[in-house]
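Note sheet for the following structure.
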Amino acid sequence: MRFSRKTTPENLSLEIVKQYLRVDHDLDDMEIEIYIEAAKSYVRDYIKAKEDQELDYALIIPTLSLIAHCYENKAVNIKSTEKIDGMFKGVLDMYRGDIL
């Protein structure tokens with residue numbers, strides 16, 4: 001599967017995520033699928049998107065970054081979240097429903 005402008009966080013495939021993570025085995029597929037769903041849910045909740053609202057193409061970057069962070073650290077909590085918080089604040093806040 002190739003990445004295209006039609007790819008959104010909702011239809012982000014395991015194959016695309018594994019390419020992004022540079023994972024060439026199937027051992028972690030279930031774990032990666034959990035991270036995919038959790039990241040999509042986090043992004044949707046963070047920007048306060050309605051359930052029927054399609055997430056914008058630009059939200060793939062923070063979604064993939066969150067998946068990579070979870071996969072590489074095997075946990076959501078880390079000692080320093082400055083890098084991830086800055087990225088999410090900058091990109092996700094643009095789409096947040098409660099910000100004018």
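The values are calculated or read from the model by the stated rules, or taken from the named source; none is laboratory data. Since we're looking at a predicted model, the values are computed, not measured. A quick note on method: Cβ atoms are made from the backbone with ideal geometry, for glycine too, and the neighbour counts reach across all protein chains shown. To get the accessible areas, we keep the full protein, side chains included, count just its heavy atoms, and leave off ligands, DNA and RNA. Shrake-Rupley method; radii C 1.70, N 1.55, O 1.52, S 1.80 Å.
Structure notes:
- Entry comment: accessible area of segment 1-64 is 66 Å² per residue, from protein heavy atoms only and a probe of 1.4 Å.
- Violating pairs (Cα-Cα greater than 21 angstrom) within the set Lys48/Lys74; Lys50/Lys89; Lys18/Lys48; Lys6/Lys40: Lys48/Lys74; Lys18/Lys48
- In segment 33-73, the portion of solvent-accessible area held by carbon and sulfur atoms comes to 48 percent [1.4 Å probe, whole percent, DNA, RNA and ligands not counted].
- For segment 2-50, the calculated P(r) over all alpha carbon pairs, in 10 Å bins from 0 to the bin holding the longest distance, is 24, 50, 24, 2 percent.
- Those residues of segment 43-62 whose amide nitrogen sits under 19 Å from the label point placed on Lys6, 7 Å along Cα→Cβ: 54-60
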